[in-house]
Amino acid sequence: MSGGEFSPGPWRWQDNRDGKGYLIDAAGEPFPSRVIEGLSPQNARLIAAAPEMYELIKSGMAGIRHMAFQYAEAGGMHGPEMREYNEECEAIRALLARIDGEEKPGA
């Protein structure tokens, strides 16, 4: 990853009932200066799940590409199916590149 290292996951959300919440790292420590006021529980869970989602998407892409290549070689995917698959893979690759700091949004 060229954009620096992520704080190791898993993360979790700590709501302090005072309208403030904290992201908690894998060691159980709050992220420094990461107090977020008024964040919805749904968004807090999404943020806390970010490291796990990133790793699953990244590792899943390698397996998906391998399986799709084998399927295509066996004659199971061609034409519009293959174009749609390639577009989806490119969108995922671009998302991972943005997360890694390798590509600007909308580039």
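Values quoted throughout were computed directly from the atomic coordinates according to the rules given, and no laboratory measurement underlies them. Small disclaimer: the values here were computed from a predicted structure and weren't measured. Heads up, the Cβs are rebuilt from the backbone with ideal geometry, glycines too, and the neighbour counts pull from every protein chain shown.
Note on residue 42 and residue 82: the model spin-label points, each 7 Å out from Cα along the C-beta direction, lie 4.0 nm apart.
Mind checking the full-extension length gain between residue 49 and residue 7? Use 0.36 nm per residue of separation minus the Cα-Cα distance, one decimal, nm.
Details: separation 42, 0.36 × 42 = 15.12 nm, distance 1.23 nm.
Here the segment from residue 49 to residue 7 would lengthen by 13.9 nm.
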